[in-house]
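Working notes for the structure below.
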Amino acid sequence: MMIQKYNCSFVQQVLEEGGQLIDVRSPVEFSQGALNGAINMPIESFQVLKDDIDTNKPVLLYCRTGARSGMVKKYLDQLGFDRVHNIGGYTQFMGC
């Protein structure tokens, strides 16, 4: 399996194309700082919140390390989403 390395320019390009930036960390983590434009959809509530995601637009997922967002990516892949990216950890993109 190929691990794709994401960078700021990729993230900005996807967001300019209408991409959805989703933070799967807890509400407490999210309140302590999140990426600009991110929506908080905690992994614990994701099965309910997933209906708010536009299936026609790309999805960028992140968490603290990339582990939880990786699990959510697999879940969305199984549901048939075709443009889901796990961009990894929050701190990597704070300066974007």
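Side notes on the structure shown:
- Summed side-chain charge close to Arg25 - residues other than Arg25 whose Cβ falls under 12 Å, Lys, Arg +1, Asp, Glu -1: -1
- Amide H contacts for Val84 (H built 1.01 Å from N in the peptide plane; partners 5 or more residues away or on another chain; cut-off under 5 Å): Val59.
- Near Gln13, once Lys and Arg are set to +1 and Asp and Glu to -1 for all other residues with Cβ below 14 Å from its Cβ, the sum equals 0.
- The chain - mean residue ellipticity at 222 nm from DSSP helices (-39,500 (n - 2.57) per run, n ≥ 4, rounded to 500): -8500 deg cm²/dmol
- Derived scalar couplings ³J(HN,Hα) [the range 46-62; Karplus, 6.51 cos²θ - 1.76 cosθ + 1.60; whole Hz; x for Gly, Pro]: 4, 4, 7, 6, 4, 5, 7, 7, 7, 5, 8, 10, x, 10, 10, 10, 8
- Stokes-Einstein D (µm²/s) once Rh is taken as the Kirkwood radius of the chain over alpha-carbon pairs, at 25 °C in 0.890 mPa s: 186
- When the Gaussian network model of the chain links Cα atoms closer than 10 Å, the mean-square fluctuations of Leu49, Leu61, Leu15 top out at Leu49.
- Near Leu21, the amide H atoms lying under 5 Å from its own belong to Ile39, Leu60; only residues 5 or more places off or on other chains count, and H is placed 1.01 Å from N.
- In a reduced charge model with +1 at each Lys and Arg Cβ and -1 at each Asp and Glu Cβ, the chain shows a dipole moment near 320 debye about its Cα centre.
- Ordering Asn56, Thr91, Ile39 by the projection of their Cα atoms onto the charge dipole of the chain, which places +1 on the Cβ of Lys and Arg and -1 on the Cβ of Asp and Glu, puts Thr91 at the extreme positive end.
- For the chain, built as a Gaussian network whose Cα springs stay under 10 Å, the top-fluctuating residue of Pro58, Pro27, Pro42: Pro27
- Across the chain: Cys residues that no other cysteine approaches within a C-beta distance under 4.7 Å: Cys63
Every number in this text was worked out from the coordinates using simple rules, so none of it is lab data. All values reported here derive from a predicted model rather than from experimental measurement. Counting neighbours? That spans all protein chains shown, and the Cβs are built from the backbone with ideal geometry, glycine included.
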